[in-house]
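Student: Supplied in structure tokens, the structure appears directly below.
The values are calculated or read from the model by the stated rules, or taken from the named source; none is laboratory data. Worth saying up front: this structure is predicted, and the values here are computed from it rather than measured. Note that each Cβ is placed from the backbone with ideal geometry, even for glycine, and that neighbours are counted across all protein chains shown. These accessible areas exclude ligands, DNA and RNA; they are computed on the full protein's heavy atoms, side chains included. Shrake-Rupley method; radii C 1.70, N 1.55, O 1.52, S 1.80 Å.
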Amino acid sequence: MISIYIIISVLGTTALTKGSIECNFTESTEPRECFGAAGDTLIFHLPKRDTTLDLKKDGKYRVLQRDRHGIVTLYDENGNKSECINNVTLKLGNANKRHSGEYVLEEYRLDGPFLRKVNVHLEIQAPVSKPVVSQTCLTLEQMKVVCSTEGDDVKFIFILDDQLLIQTREHNQSLSKWTAGDTSVSNVPINLHGQLTGNLMCRVWNNVSRDEAVIQLAACKAVPVVIVAAVASVAALFLLVALSLVILNIHKKKGPVTVNEDNPEVIYADVRVIKNSRTSRPSSHQQ
């Protein structure tokens with residue numbers, strides 16, 4: 001398997017709403033959504049009329065009350081330093097994920113009758129990070145490209161030389177997510193032909209930020225299996241010959257064998273028989 005890892009970053013992270021998150025409770029009674037990035041200043045715009053107000057979060061946490069004398073009482077569940085300016089602009093400090101939820105504002109006339117109710121869904125998201133793009137060659141004809149980023153509710157799009165390849169949608173099976181601590185990480189893999197080349201862009205975004213990265217796809221290359229096998233065989237043969245030479249060299253240098261009484265060995269020696277050439281004298285009884 002051949003891996004190619006290239007990252008070319010283009011453009012910095014761009015926040016769609018930078019600095020402040022402003023949610024409006026002054027107009028329509030239709031449910032609405034409000035999105036913002038963690039760390040931005042959270043601001044609620046309240047009705048300017050001479051009315052009493054009761055603002056709650058998730059149906060149980062009271063955020064603000066304004067009585068018929070115009071006196072505002074704040075209830076800060078998140079521990080942030082909040083303030084109400086001129087009784088119509090509520091600043092809740094730096095936004096965090098605990099601010100996310102369903103906010104309901106009930107408005108009444110000064111003499112008591114109910115006027116209206118405004119529902120606002122607020123979602124604080126972590127901005128996307130710079131995408132990380134990797135290319136892995138699986139075979140000569142198949143490669144795998146993966147784009148990863150941090151952030152909440154991330155969407156992806158792949159573009160090769162200005163041609164759309166894939167765009168993720170909600171519940172897309174190719175999109176995988178996991179959480180590392182307080183960080184949400186998402187990635188999307190795509191399979192492409194191994195000989196495909198060109199500029200591949202991965203663009204990521206959510207409701208509060210966007211970013212993108214580009215890599216230059218390289219054609220996959222592979223070493224033929226026959227050549228690999230041949231090289232391996234030559235290496236094994238060379239190792240066998242070298243081992244044989246070492247053993248032979250050790251055998252030649254081996255000294256005389258010492259006889260051990262506990263393990264006797266038979267020792268052979270050259271024996272020469274010399275024939276006695278002297279002429280025998282005749283016995284005394286021979287005359």
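Student: Please go through the range 136-164 and pick out each residue that is surrounded by 17 or more Cβ atoms within 10 Å (Cβ to Cβ) and among the basic types (Lys, Arg).
Tutor: Correct list: LYS155 only.
Student: Which one of the conditions (1) over 30 Å from VAL214 (Cα atoms); (2) surrounded by 13 or more Cβ atoms within 10 Å (Cβ to Cβ); (3) out of contact with any Ser or Thr (no Cβ under 7 Å at 6 or more places or on another chain) does VAL133 fail to meet, given that it meets all the rest?
Tutor: (1)
Student: Of the residues GLU102, GLU107, GLU123, only one is touching a Pro at 6+ places or on another chain (Cβ under 8 Å) and among the charged types (D, E, K, R); which? Let's see the steps before the verdict.
Tutor: Details: GLU102 fails: touching a Pro at 6+ places or on another chain (Cβ under 8 Å); GLU123 fails: touching a Pro at 6+ places or on another chain (Cβ under 8 Å).
Exactly one of GLU102, GLU107, GLU123 is touching a Pro at 6+ places or on another chain (Cβ under 8 Å) and among the charged types (D, E, K, R), namely GLU107.
Student: Also, quick follow-up: GLY70 versus (1) open to solvent by less than 60 Å² (accessible area, probe 1.4 Å); (2) in contact with a strand residue (DSSP E or B) (Cβ under 8 Å, 6 or more places away or on another chain): which is the lone unmet condition?
Tutor: Every condition holds for GLY70 apart from (2).
Student: Residue by residue through the range 91-117, note down the ones that are out of contact with any Lys or Arg (no Cβ under 8 Å at 6 or more places or on another chain) and open to solvent by less than 20 Å² (accessible area, probe 1.4 Å).
Tutor: Scanning the range 91-117 gives LEU92, ALA95, HIS99.
Student: Which residue pairs have Cβ atoms under 8 Å apart, sit 6 or more places apart or on different chains, and have a first residue in the range 200-214 that is part of a strand (DSSP E or B) and a second that is acidic (Asp, Glu)?
Tutor: That search, which allows pairs on different chains as well, returns MET201/GLU212; CYS202/GLU212; ARG203/ASP211; ARG203/GLU212; VAL204/ASP211; VAL204/GLU212; TRP205/ASP211.
Student: Checking ASN78 against (1) modelled with pLDDT under 90; (2) open to solvent by 70 Å² or more (accessible area, probe 1.4 Å); (3) of a type outside the set (Asp, Glu), which single condition isn't satisfied?
Tutor: ASN78 satisfies all of (1) modelled with pLDDT under 90; (2) open to solvent by 70 Å² or more (accessible area, probe 1.4 Å); (3) of a type outside the set (Asp, Glu) except (2).
Student: Just to be sure, is LEU55 within 30 Å of GLU150 (Cα to Cα), over 31 Å from the mean Cα position of the chain (by Cα) and of a type in the set (A, V, I, L, M, F, W, C)?
Tutor: Judged against the criteria, LEU55 is not a match.
Student: Let me ask you something else. Residues that are of a type in the set (Lys, Arg): find the strands (runs of 3 or more DSSP E) completely inside the range 57-109 holding 2 or more of those. Break it down into steps so the answer makes sense when it comes.
Tutor: Numbers: elements: 61-66, 72-74, 83-85, 89-94, 101-109.
Counting at least 2 such residues, we get 61-66.
Student: The conditions are (1) surrounded by 14 or more Cβ atoms within 10 Å (Cβ to Cβ); (2) of a type in the set (Gly, Ala, Ser); (3) at pLDDT 90 or above, and ALA15 fails exactly one of them. Which is it?
Tutor: For ALA15, the failing item is (3).
Student: Another one. Based on what the data block shows, is THR26 in a strand (DSSP E or B), over 33 Å from the mean Cα position of the chain (by Cα) and modelled with pLDDT of 75 or more?
Tutor: In short, no.
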